[in-house]
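Single-structure report; data block below.
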Amino acid sequence: MQKRILGIDAGSVTVSVVEIAEDGTLINEIYVQHFGKPASCLHEILSKKNLRNIIGVARTSTAPDLIKDTITYDSRIAMIAGSKSRFPSPRSILHVGGEKFSLIRFDSDANYKNLSSNTSCAAGTGGFLDQQAKRLDMKDSAELSAKALSNKGETPKIASRCSVFAKTDIIHRQQEGYSLEEICDGLCRGLANNIADTLSLNDAGLSPMVFTGGVARNLAVVKHLEDITGLDILVHKEAHLFSAIGAAQLLLEEPDFKERKLTQADLLPVRIEEKNYFYDPLELTMSNYPDFDGLEHYDFPVSTGGTPIEVDIYQLPQQNTSSEVYMGIDIGSTSTKAIIIDKDFTPIVGLYTRTAGRPIIATQGIFEAIDHISHEYRHHFDFISVATTGSGRKFIGKLVGADCIMDEISAHARAAVDLDPDIDTIIEIGGQDAKFTSLRKGVVTFSKMNTVCAAGTGSFIEEQAQKLNVPLSKYSTLAKGAQAPLASDRCTVFMERDINHYLNKNYSVNEILATVLFSVRENYLQKVASGGTIGKRVCFQGATAKNMALVATFEQKLQQPVFVSRYCHLTGALGAAITAAEEKQGESTFRGIDIYKETIPVRTETCELCLNHCRIRIASIKDEDVAYGFLCGRDYNTKKYIKKEKIPSLLQTRQKAMPKRAPKAIDASAPVIGIPAGLQIFEELILWEHFFNVLGIKTVNSMNEKNIIALGKKHSHAEFCAPVTAFHGHVQSLITRCDVLFLPIHLESTKDPDKPERLRKYCYYTQFTSIVASLTKENDIRINSMRPIINHRQNPLLTKAELYRSLQKAFPGQYTIFAVNKAYDEAWALYVEKKEKMKTLYSPPENGEIKIALLGRPYTVLSNTMNKGIPDYFAQLGIETFFNDSLPTAAKDEDMELLLDQFHWAYPAAILEAANMCTKTPGLYPVYITSFKCAPDSFALKYFKRIMDAHEKPYLILQLDEHDSSVGYETRIEAGIRAFRNHLRSSDTKKAPEKKYAITSKMEKDYKGKTIMLPNWDPMVIPLVAANLRASNIDARVLEETPQLIAESMRMNTGQCIPVNAIAHEFITYIQKHKLVPANTLLWMVKANWACNIPLYGPYIKTLINESEGNLEKAGVYIGTVAMIDFSPIISVKTYFAYMFGGNLKKIGCMLRPYEVEKGKTDRVLKQCKNILIDAFLGKIKYLEAVEKIFLKIDGIMIKKTVRPKVAIFGDLYVRD
């Protein structure tokens, strides 16, 4: 037999093993999923392989090392070699694997130029498609690809940047009636769009492009990539194996390659690493857990071949009779449920099935099962009233002729009260959404759903079970009693990476299953449940409550029984059925269960009756057309636009109140300035348009441009929050319509009238966005822009000077400083008038009515390109809304004044002040509209919740993202309004609300006699600073930091930058570990006036300390200068030396480490040098003596100079150092 080279590669999902001949021909291949255990999977493959004719083994750097003396190659270099072995002269290689995708560029001679890749949160990869395939009840992504290729209809827009977003979009597309083939095609196109946007594949110089990795086998993605990019994409049948082939090829090409003989004795064992556990074993000890099966329990096979229906008969129907019944149908993201109850609300039949991307078919399957029951028992069900709930409630509700369509939060609450009237807290974790609900006397007074990226719902549990090859029916049994390590609860991507890491470290499947459940619990309690409001009688609802081990995680954390009903998986449907019975009016409009016998075609049309141009889906049933998707609310047979709003919307009211000025006539030859209607400019649009008009300059803006976010995503080339992404879109929309773009750099807002010394900064991202946007090129030429620095806190003369300089540069000699001065004064007066007019819009609620304060940034709440129609939806419901700039200022106690002192951001401070107003005004309820990935809001939301929770007043948080659908927001709004009304009815409006606890805390001013803890953000410098303080009789210590502590700290994280949580947790842990007295312990934090998060670190960490377990409220936070001047001048001088010495040691390490002969010696010597310096700062040896000792030790490091590339590392000090 011919001689062969073995090539091995392992990715995040698969293992590849190839055998190639000496001429590079592929002889054998193995390509399998490793289910999170690449080492074990590979060991099994190799142990069965005949190694007799293998003359060499090569592996990629990502593959486990399981054969002695295997040659290792960087995975990217191997992938390039494999690609070039089949396509010798590519201009680029696109690699899309299970977790990552990347683009490698080559010059015209096929030499490597550079590499770009996705960020850790861009989950649009092969693993993403596998997830969605399973979610849509398919075998794998290959079946999904085949469905996509067979699509003959539309290709709907579905996000693929994140699996959570994708699920949301799939639900909305299902509601709109898109077919499974269309949804699969939308997923593949979304993935292709994500890859093309992230990697900027709009460059003709990338052709020909070689496509590698597992996704290269997905022909639907390939087709869409070709359509989107216009590139010549080359796909080889061996593309998924190129990395393994490349490793083998590189070994063959080694000049000193020598053949070797291999036997099974060369196979190395899988390395077993030490395990660390964080959570106690799972046991349910306090709660009574039900038996879920009915009197009869079976799976009913539907005639269409769809997913079987899980049937439970709770009451045996009497034969040869009929009964009046009520039915609730819950159409969720992953499952569709129905329940039939009698007039006493007692369940008769429960039905459960997977939605699988086809809500119509799922509903028809349930109706077929009901018909089967009816025939089996010769019993006729007379449906008196039918209700729908869940994410698909509106579409299916219209289709079946439901008598009642209700939000799922209200449905779950109604069921809970019927099951146990004492329930005051509902935990509900569904397939896609998680909800937290508080009740008072059986009435919902507060409800909250997960925000757009809150991972860890039922579908996540299901996906991990599938990944681990565990049936859901066995999950709880396997996880019961298992210990668990700590895993991330922030995002499905991070959770999965942690799980893969633990599988690689040989944790058992049972332990990983338990870890997943703990992650889901922590995610829920941090991001969904409102802190401190979990009551005394907790009910767990949703199909996930059938997982006893998950219930045990909540019981363990809450230390109280958790009530689970035998109908927990059907409670949404049960609540809908009860409501249908209670609110029954007249004859039922239900079409009957026989519609399962109908073929229900769905088609698409565009409504041309108004400028909305709604894309509507029409289902034809029993010779009647049922349409869904009209923004105006008309039905299909009404051929005219129907005004949906019951009252004028917020934006209409504000526009009507705007001050009016007749614009100055401008010469046609005048220059045109483009003003992007985004970020701070949006709020000041009237100011700048009037300013330029007075100067005789024409302006155009992007206020009414559509698809701004999509345009921004295409050109921003980075993962920004939606408002910053939109700003790039605003800029792009104006480039061809103006001579110069106006891109002012906003630094600070106007001074606080109550306390002018308060800082009021704009977000640091928005501060530099104008600069980044100004780098945009049109036809390879940088756009022409004006970039004056605008700082409203300073003297207006400085702003005028900036404007004058910018105008001089753009239009030399055309405008005088006097003209600029006059124009600015006039424009500013108009802007002030506008702000005063907005104050006149507010009127307090009266006579039991509720009104809404929409809190947020003007460029999100008041912009139609950003606000998802949220203000309009309130108007449709007849609820008057106000933006926070219309609210009067309420009285503030000392605690609130302190909070406003601590907050240095302009918009969050205004939002918190408006929240304070809401707590003091009966009937006024706040809705906080934030943006996904908004760093300042991750801090502000914490205090917003504390303000509202301290006054026991409900609120709503809506998180905007980059996607189009508003369905999820409507659900939250409907549930929120019910809660607000219930709260108002149950409140004493004549009595001022009592504040339950302080919102924030004062920082300590006296450090004397106390232990001071220093954050370890620079391990070389901070120990020297601590030694310097100890030399002056100050008990200063450095916080201990380990990867485990940082991982643990993420349980506190709700979107903040990682260091703030790490420092807080390390401080708490140090006090507990070393048994320090909290009242005598201070955390030192740096004083800062920057626009970033650091000025809030002190107050925020103090809040986390107060909320932690262990009675640590008396531990304090001290805010000091980085130079330590507040301790003493001599300490300050020596602190400078600490930073100098420590910094120089780091530089020396960077200079020597790459060339050291003995690996690791540089780091060992540097540690010794640091200890020498600590002794010097403590006064044990003289500084000169310390330096001499350090030189001697450094001189002992043997180095061998070779040519090495130089790499610059830059970033935040905590991460960098």
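Of all aspartates and glutamates in the structure, those lying under 13 Å Cα to Cα from residue 3, and not within fewer than 8 positions of it along the same chain, are 19, 22, 23, 259.
Mean sequence separation of contacting Cα pairs (under 8 Å, at least six apart), scaled by the length of the chain, corresponds to a relative contact order of 8 percent.
Expressed as a rounded percentage, what relative contact order does the stretch 1124-1217 have, with Cα pairs under 8 Å and six or more residues apart?
25 percent.
For residue 988 and residue 839, compute 0.36 nm times the residue count separating them, minus their Cα-Cα distance, and round to one decimal in nm.
50.9 nm
Packing, taken as the mean count of other beta carbons within 10 Å per residue, orders the peptides 1179-1190, 922-933, 60-71 from highest to lowest as 922-933, 60-71, 1179-1190. Mean projected area of the Cα convex hull of the chain, taken over all directions, amounts to 52.3 nm².
Qualifying trypsin sites (Lys or Arg not before Pro) in the stretch 330-391, where qualification requires a DSSP coil assignment and no more than 13 other C-beta atoms within 10 Å, comprise 343, 378.
Among 824, 831, the order by Cβ neighbours within 10 angstrom, fewest to most, reads 831, 824. In order along the stretch 97-112, phi translates into HN-Hα couplings of x, x, 10, 10, 9, 8, 10, 10, 9, 10, 7, 5, 9, 6, 8, 4 Hz, rounded to whole numbers, per the Karplus curve 6.51 cos²θ - 1.76 cosθ + 1.60 with θ = phi - 60° and x for Gly and Pro. With a threshold of 18 Å on the Cα-Cα distance, the over-threshold entries among 1167/1193; 755/991; 527/1114; 646/851 are 755/991; 527/1114. Considering only beta bridges that DSSP places wholly inside the chain, some 50 percent are antiparallel. Near residue 789, the amide H atoms lying under 5 Å from its own belong to 745; only residues 5 or more places off or on other chains count, and H is placed 1.01 Å from N.
Using the Cα gyration tensor of the stretch 652-838, with a ≥ b ≥ c the square roots of its eigenvalues, what is the shape: rounded (a/c below 1.5), prolate (a/b larger than b/c) or oblate (neither)?
The shape class here is rounded.
The alpha-carbon of residue 139 sits under 19 angstrom from the alpha-carbons of these lysines, leaving out residues fewer than 8 places away in its chain: 147, 167, 467.
Ordering 329, 263, 286 by the projection of their Cα atoms onto the charge dipole of the stretch 259-345, which places +1 on the Cβ of Lys and Arg and -1 on the Cβ of Asp and Glu, puts 263 at the extreme positive end. For the stretch 1010-1097, the list of trypsin sites (Lys or Arg not before Pro) that fall in a loop by DSSP and count at most 16 other C-beta atoms within 10 angstrom reads 1075, 1087.
When only the Cβ of Lys, Arg, Asp and Glu is charged (+1, +1, -1, -1), the dipole of the stretch 755-836 relative to its Cα centre reaches about 320 debye.
So if the hydrodynamic radius of the stretch 928-1029 is defined as the Kirkwood radius over C-alpha pairs, what does Stokes-Einstein give as its diffusion coefficient at 4 °C and 1.567 mPa s, in µm² per second? Don't skip to the answer; put the middle values down first.
Details: Rh = 18.3 Å.
For these conditions, the coefficient is 71 µm²/s.
A simple spin-label model places the labels of residue 268 and residue 847 8.1 nm from each other, with each point 7 Å out along Cα-to-Cβ.
Structure note, pairs 448/995; 157/622; 68/261; 68/258; 157/714: Cα-Cα distances above 18 angstrom occur for 448/995; 157/622. Quick check on the stretch 996-1105: take the gyration tensor over C-alpha atoms, sort the square-rooted eigenvalues as a ≥ b ≥ c, and tell me if it's rounded (a/c under 1.5), prolate or oblate. Because its axes are fairly even, with a/c under 1.5, the stretch 996-1105 counts as rounded. Beta-bridge orientation, the stretch 652-838: approximately 20 percent antiparallel, per DSSP, counting only bridges with both partners inside. For the pair residue 143 and residue 277, a Förster radius of 35 Å applied to the C-beta separation gives a FRET efficiency near 0.35, rounded to the nearest 0.05.
From most to least packed by mean Cβ count within 10 Å, the peptides 262-269, 135-142 give 135-142, 262-269.
Cross-link partners for residue 557 among the aspartates and glutamates, with Cα-Cα distance under 13 Å and sequence neighbours closer than 8 places in the same chain left out: 280, 283, 522, 1109.
Please give me, ordered by residue number, the trypsin sites (Lys or Arg not before Pro) of the stretch 202-250 that lie in loop per DSSP and have at most 12 other Cβ atoms within 10 Å. Of the trypsin sites (Lys or Arg not before Pro), the ones in loops of the stretch 202-250 whose Cβ has at most 12 other Cβ atoms within 10 Å are 237. Whole-Hz Karplus values for the stretch 461-473 come out as 4, 5, 5, 5, 4, 4, 4, 8, 6, 10, x, 4, 5 Hz, taken residue by residue from phi with 6.51 cos²θ - 1.76 cosθ + 1.60 and θ = phi - 60°; glycine and proline positions read x. Gain on full extension, evaluated as 0.36 nm per residue between residue 1206 and residue 1150 minus their Cα-Cα distance, stands at 19.1 nm. For the chain, the 222 nm mean residue ellipticity estimated from helices alone, with every DSSP H stretch of n ≥ 4 adding -39500 (n - 2.57) and the total spread over all residues, rounds to -12000 deg cm²/dmol. Computed about its Cα centre, the charge dipole of the chain is approximately 3380 debye, with only Lys, Arg, Asp and Glu carrying charge at their Cβ. For the peptides 777-790, 796-809, the ranking by mean Cβ contacts within 10 Å, running from highest to lowest, is 796-809, 777-790.
Between the C-alpha center of the stretch 250-275 and that of the stretch 807-834 there is a gap of 74 Å. About its Cα centre, the stretch 1011-1195 has a charge dipole of approximately 380 debye under the convention of +1 per Lys or Arg Cβ and -1 per Asp or Glu Cβ, with nothing else charged. Centroid-to-centroid, using Cα positions, the stretch 1193-1217 and the stretch 499-559 are 43 Å apart. For the stretch 842-985, rounded, prolate or oblate, judged on the Cα gyration tensor with a ≥ b ≥ c (square roots of eigenvalues), a/c < 1.5 rounded, else prolate if a/b > b/c? Oblate.
Each reported figure results from applying straightforward, stated rules to the coordinates on display, with no laboratory input. The structure displayed is predicted, hence computed values, not measured ones. Glycine also receives a Cβ, built like all others from the backbone with ideal geometry; neighbour counts cover every protein chain displayed.
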